[in-house]
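Written out below as structure tokens is the structure these notes cover.
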Amino acid sequence: MSISADSAGYLTLAAIVGFCACVFFSWRDFRYARALSDTPTSKIRSAPQGYVELVGQAQPGPQGQVVAPLSGVSCIWYRYGVEKKGGKGKWTTLHRGVSEHPFLISDDTGECLIYPDGAEVVKTRRKSWRGDDPMYQTQPAAGVLGSAQALGQFLSGISFGEQRYRYTEYRIMPGDPLHALGYFRSVGGASERPEKRGQLAILLEQWKRDEKRMNLFDRDGDGNLDADEWSAAVSAAERQLSRDMLNRPDDPVIHTLSSPTTRGRPFLLSTASESSLVRGYQIRAAAATVGLVISGGCLVLLFA
């Protein structure tokens, strides 16, 4: 059976695209599985600075809960998409969005603020349904208009005709178990205070610009400080600095988790367990490897 030149060209292009996709996904999923397996789980209070794995519960952040735009449900994180059904049953995405508000992960030692921008959020709560409105909303206006909107959405949900729009929403709710892998950093506390020598230099520079203060150390009144007079000024600055540091309470320590600064390390958030995540990535990596072998074999046959 002969293959036309056009068909051979399409097959070659499909094999090349498939091969490249399988290379990417096998490499990525294997790397994610290794990152989850090789990174030890840390407690928030004692976690080292840098790339860590945390396990705890999801909690609202400083701004409180957010409202998922499609379902109207209060949550701490969401991602949504609205698709339209076109010809040949193909779905096309009309619009989508994701929450970027920070939220907390807590364990029995403390809390950590998560900045989800750039994270791959997997295996969370998922809801999918269909309707006839391309701009589906579940927060109707008040009064008669709100009642009309609610009735319209109810009738849309039981429509006997073809429902051309599909809505999908992923959510993380307060209290959900949370597995997080990312860049951990603690801000504040005594460890964040500037080094004393640097503070002393800054204070002395300020004093140099204060003519009245410097005159207090100019014992001979010649307008210049000799070595002994300058030594007295330094000693006075050290005493003031010590008093200021003694009377200053420690700043509260804020732990944060965000996208890793090192390329190649995944930023993962999930409500699933580590074993479930590792198994899922291993299965996908194996499937992508099989596809890699098949698409590579096809390319060999096509170019032979």
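The values are calculated or read from the model by the stated rules, or taken from the named source; none is laboratory data. Treat the numbers as computed from the prediction; the structure is a model and nothing was measured. All Cβ positions, even for glycine, are placed from backbone atoms using ideal geometry, and neighbour counts span all protein chains on display.
Tabulated data for the structure shown
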item	result
Which numbered condition residue 278 misses (of (1) closer than 28 Å to residue 75 by Cα; (2) at pLDDT 80 or above; (3) surrounded by 14 or more Cβ atoms within 10 Å (Cβ to Cβ))	(2)
Residue in the range 222-245 that is at pLDDT below 80, among the polar types (S, T, N, Q), surrounded by 10 or more Cβ atoms within 10 Å (Cβ to Cβ) and within 30 Å of residue 269 (Cβ to Cβ) present	no
Condition check for residue 284: of a type in the set (Lys, Arg), surrounded by 14 or more Cβ atoms within 10 Å (Cβ to Cβ) and within 22 Å of residue 24 (Cα to Cα)	yes
Flag if residue 45 is surrounded by 14 or more Cβ atoms within 10 Å (Cβ to Cβ) and farther than 25 Å from residue 101 by Cβ	no
Long-range neighbours under 9 Å by Cβ, at least six apart or interchain, first residue of a type outside the set (A, V, I, L, M, F, W, C) and at pLDDT 75 or above within the range 289-304, second surrounded by 11 or more Cβ atoms within 10 Å (Cβ to Cβ) and not in a helix (DSSP H, G or I)	none
Criterion (assigned to a loop (DSSP other than H, G, I, E, B) and β-branched (Val, Ile, Thr)) met by exactly one of 44, 16	44
Test result for residue 248, in contact with an Asp or Glu (Cβ under 8 Å, 6 or more places away or on another chain), modelled with pLDDT under 80 and on the phi < 0 side of the Ramachandran plot	no
Whichever residue in the range 87-112 is exposed (fewer than 13 other Cβ atoms within 10 Å of the Cβ) and of a type in the set (Asp, Glu) and, among such residues, is farthest from residue 61 (Cα to Cα)	108
When residues of the range 249-275 are limited to those that are among the aliphatic types (A, V, I, L, M) and not in a loop (DSSP other than H, G, I, E, B), the one surrounded by the fewest Cβ atoms within 10 Å (Cβ to Cβ)	254
Any hit, the range 109-132, residues being under 17 Å from residue 186 (Cα atoms) and in contact with a Lys or Arg (Cβ under 8 Å, 6 or more places away or on another chain)	yes
Any hit, the range 66-75, residues being part of a loop (DSSP other than H, G, I, E, B) and under 20 Å from the mean Cα position of the chain (by Cα)	yes
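To keep it simple, each residue is scored yes or no on (1) closer than 27 Å to residue 266 by Cα; (2) crowded, with 18+ Cβ neighbours inside 10 Å.
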position: 73; (1), (2): no, no
position: 79; (1), (2): yes, yes
position: 85; (1), (2): no, no
position: 114; (1), (2): yes, yes
position: 131; (1), (2): no, yes
